[in-house]
Amino acid sequence: MNIYGWVQLGVFLGVLAALTKPVGLYLVRVLDPRAKTFLDSVLKPVEEGIYQLCGVDSRHEQNWKQYALSLGMFSVVGMLLTYAILRLQYYLPLNPQHFAGMSPDLAFNTAASFTTNTNWQNYGGESTLSYFSQMVGLTFHNFVSAAAGIAIAAALVRGVARSTAVTVGNFWSDIVRVTLYLLGPICIVYAVFLVSQGVVENFGAYTKVTPLKLLGGEQEGAATQVIPQGPIASQEAIKMLGTNGGGFTGANSSHPFENPTPLSNFIEILSIFLIPSGLTYYLGRMVNNQRHGWTVWLAMTTLFLLGLLVCWYSESSGNPRITAAGVAATGNLEGKEARFGVFGSALFATVTTDASCGAVNSMHDSFTPLGGLVPLLNIQLGEVIFGGVGAGLYGVLIFVILTVFLAGLMVGRTPEYLGKKIESYDVKLAVLYVLAGVLSILGFAAWASVSDWGVSGLGNRGPHGLSEILYAFSSTTGNNGSAFAGLSGNTSMYNTTLAIAMLAGRFLMIVPVLALAGSLARKKQIAPGRGSFPVTGFTFGILLVGTILIVGALTFFPALALGPIVEHFIMHTPVAY
């Protein structure tokens, strides 16, 4: 832990805080169909043309059931289309490498992955997918799945802000406006920036080169090396901004064609948090309580810093067994790119798992036990530490509801949230949201850990093997997409169970959120009284942080104790060399 890392951390937090308000204000305009943006003169005709083409009345608002049904139909059609593209890839255009279609189970896993904004990949992108599959099949979902997450968050915020209402917005209007006015324009600028840094963007066939000869002999192995090409910058931009994750190449953002410079690394990390951070300001503006929005932001930042400092310290300390063996090492550099170093890798790993992104610039499987515990726990907490675009906001609002309820129990008053009475139905929906993720993670991990199909894919045995399985189902249920890469997941059973976990982690958790939005919208808003519990300030922030940590600790501590925690103690056990 050196001064250079502290300076980078200070710059990162300063830039993020400075951008939170302008992004939030712009989100207010994007998510209000009646408001105007500076892009209206160009994009308004396009927006209206899309509505006419699809037969959508954007002025007609929907109740929560209609909103959920629209989301479900849109997701099913998109998933089926992507599945067909992946299976028929060989016969489709823009396939200069003549890649064959995916197997049925891998295509199902991949289609579910990108539909749910997870982007888990049981394949190497540059060795499996054509340009057409990357752009039409996957990048399409990178935009619309991110837009859907923001739309759901907006629906919940509308439910909080409205009084005695039956509608929570129009799904079709929300997803079109977010894609056209927010994600699309930023990604155009972002992709151009990445190209300026050296990220590849073309449609050429892969380049074959003859490697240099080794000193004192011939080049070992193949006579030529294949260097991948393709439309990488455009996919890289939306995968980071939309907290999608995944990668054009198997090495993801550790590959120099995806993330070539320290500046590109910084901007990619910043872009993961950009929209989730702005959504906290959007929350405060919509509920007419900006202090509440900033309190949520500070609670998220506190959790982010706690995780980062643990991860950074653990990776900086290195492996005592390597030191005992007489090897001089400045921290744990295994699985890390030298151009990013320990801090750049720890920051990226913490941010990408705080959000439901999953892009990586280092291999989490090579982290120290406590360094790897942080990304794993970040996902298991629900990725509410800024979280994915939209998903982070509606996830943290679930914990806000639980915090208000618990605070009401402690003081013996009926809990209220911003003038809305929190009743048993609302608490049940919040608990259902939490339980859906917990049952998927622990249920599938338990099944895999005692089954031949589960343990056969392990790259390691013992506690680290358990961590690999636990990470896989945490990542897929949490719609994150990163992995402990020691697990070989491209098998029929893993492809199927991981796909089901992704679908459960997305849709079984979205339905309670939208039901809660409908419930809150119907409630009459009352003026706060002397008995109302304040949802701003230090006390509420600490309660919110405590609720998130306690729920995660009580739920996952036994599993973590058998995995990374016991592995940490094993690592510190003296070994004779």
Legend entry - the stretch 279-292, residues that are crowded, with 23+ Cβ neighbours inside 10 Å and not polar (S, T, N, Q): Leu279, Tyr281, Tyr282, Leu283
Inset, instruction - State whether the residues of the stretch 557-572 include one that is more than 23 Å from Gln290 (Cα to Cα) and part of a loop (DSSP other than H, G, I, E, B). - result: yes
Inset, instruction - Looking only at the stretch 438-461, decide whether some residue is hydroxyl-bearing (Ser, Thr, Tyr), touching a strand residue (DSSP E or B) at 6+ places or on another chain (Cβ under 9 Å) and either at pLDDT 95 or above or assigned to a helix (DSSP H, G or I) (or both). - result: no
Legend entry - Of all residues making up the stretch 483-535, the number that are among the hydroxyl-bearing types (Ser, Thr, Tyr) and either in contact with a strand residue (DSSP E or B) (Cβ under 8 Å, 6 or more places away or on another chain) or modelled with pLDDT under 90 (or both): 2
Inset, instruction - Among residues belonging to the stretch 127-185 that are out of contact with any strand residue (DSSP E or B) (no Cβ under 6 Å at 6 or more places or on another chain) and of a type in the set (Lys, Arg), point out the one that is nearest to Gly250 (Cα to Cα). - result: Arg177
Legend entry - Leading residue by the ranking (farthest from the chain's Cα centre (by Cα)) among those in the stretch 1-36 that are among the aliphatic types (A, V, I, L, M) and not in a helix (DSSP H, G or I): Ala35
Inset, instruction - Restricting attention to the stretch 109-130, report how many residues are surrounded by fewer than 24 Cβ atoms within 10 Å (Cβ to Cβ) and touching a residue at least 60 places away in the same chain (Cβ under 8 Å). - result: 6
Inset, instruction - Report whether or not Gly101 is outside any helix (DSSP H, G or I) and over 30 Å from Leu520 (Cα atoms). - result: yes
Inset, instruction - Sort out which residues of the stretch 385-414 are closer than 23 Å to Gly437 by Cβ and not in a helix (DSSP H, G or I), and write them in order of number. - result: Ile385, Phe386, Gly387, Gly388, Val389, Gly390
Inset, instruction - Kindly state which helices (runs of 4 or more DSSP H) lie completely within the stretch 257-353 and contain at least 3 residues that are touching a Lys or Arg at 6+ places or on another chain (Cβ under 6 Å) and in contact (Cβ under 8 Å) with a residue 40 or more places away in the chain. - result: none
Legend entry - Lone qualifier among Val384, Val411, Val400, Val396 - being farther than 27 Å from Ala153 by Cβ, in contact with a Phe, Trp or Tyr (Cβ under 9 Å, 6 or more places away or on another chain) and of a type in the set (Val, Ile, Thr): Val411
Legend entry - Qualifying residue in the stretch 83-104 (condition: out of contact with any Pro (no Cβ under 9 Å at 6 or more places or on another chain) and of a type in the set (Lys, Arg)): no
Inset, instruction - Kindly check whether there is at least one residue in the stretch 361-379 that is without any contact (Cβ under 8 Å) to a residue 60 or more places away in the chain, surrounded by fewer than 22 Cβ atoms within 10 Å (Cβ to Cβ) and within 27 Å of Gly246 (Cβ to Cβ). - result: yes
Legend entry - Filter result (crowded, with 19+ Cβ neighbours inside 10 Å and not hydroxyl-bearing (Ser, Thr, Tyr)) within the stretch 62-86: Gln62, Trp64, Ala68, Leu71, Gly78, Met79, Ile85, Leu86
Legend entry - Cross-chain or 6+ apart pairs with Cβ under 6 Å, the stretch 483-502 first and under 23 Å from Gly372 (Cα atoms), then surrounded by 22 or more Cβ atoms within 10 Å (Cβ to Cβ) and β-branched (Val, Ile, Thr): Leu498/Thr476; Ala501/Thr476; Ala501/Thr477; Met502/Thr116; Met502/Thr118; Met502/Thr476
Inset, instruction - Determine which single condition Lys36 fails, assuming it passes every other condition in (1) free of Cβ contacts under 8 Å to residues at least 12 places away in the same chain; (2) under 12 Å from Ser173 (Cα atoms); (3) not small (Gly, Ala, Ser). - result: (2)
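Yes/no matrix, rows are residues, columns are (1) over 21 Å from the mean Cα position of the chain (by Cα); (2) surrounded by 16 or more Cβ atoms within 10 Å (Cβ to Cβ):
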residue	(1), (2)
Gly437	no, yes
Phe444	no, yes
Ser449	yes, yes
Asp452	yes, no
Gly457	yes, yes
Pro463	yes, yes
Ile469	no, yes
Thr476	no, yes
Gly481	no, yes
Inset, instruction - Output the number of residues of the stretch 337-385 satisfying the condition of being of a type in the set (S, T, N, Q) and more than 23 Å from Pro320 (Cβ to Cβ). - result: 6
Inset, instruction - Among the numbered conditions (1) assigned to a helix (DSSP H, G or I); (2) in contact with an Asp or Glu (Cβ under 9 Å, 6 or more places away or on another chain), tell me where Phe533 comes up short. - result: (1)
Inset, instruction - Kindly establish whether Leu53 is out of contact with any Cys (no Cβ under 7 Å at 6 or more places or on another chain), modelled with pLDDT under 95 and assigned to a loop (DSSP other than H, G, I, E, B). - result: no
Inset, instruction - Kindly check whether there is at least one residue in the stretch 322-330 that is surrounded by 19 or more Cβ atoms within 10 Å (Cβ to Cβ) and either of a type outside the set (D, E, K, R) or under 30 Å from Ser532 (Cα atoms) (or both). - result: no
Inset, instruction - Being within 19 Å of Leu514 (Cα to Cα) and in contact with a Pro (Cβ under 9 Å, 6 or more places away or on another chain) is the filter; apply it to the stretch 170-194 and report the residue that is surrounded by the most Cβ atoms within 10 Å (Cβ to Cβ). - result: Asp174
Inset, instruction - Mind telling me which of the residues Val168, Val189, Val160, Val176 ends up being under 30 Å from Glu48 (Cα atoms) and free of Cβ contacts under 8 Å to residues at least 40 places away in the same chain? - result: Val189
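The values are calculated or read from the model by the stated rules, or taken from the named source; none is laboratory data. The model shown is predicted, which means the values in this text are computed figures rather than measured ones. Cβ atoms come from the backbone with ideal geometry, glycine included; neighbour counts cover every protein chain shown.
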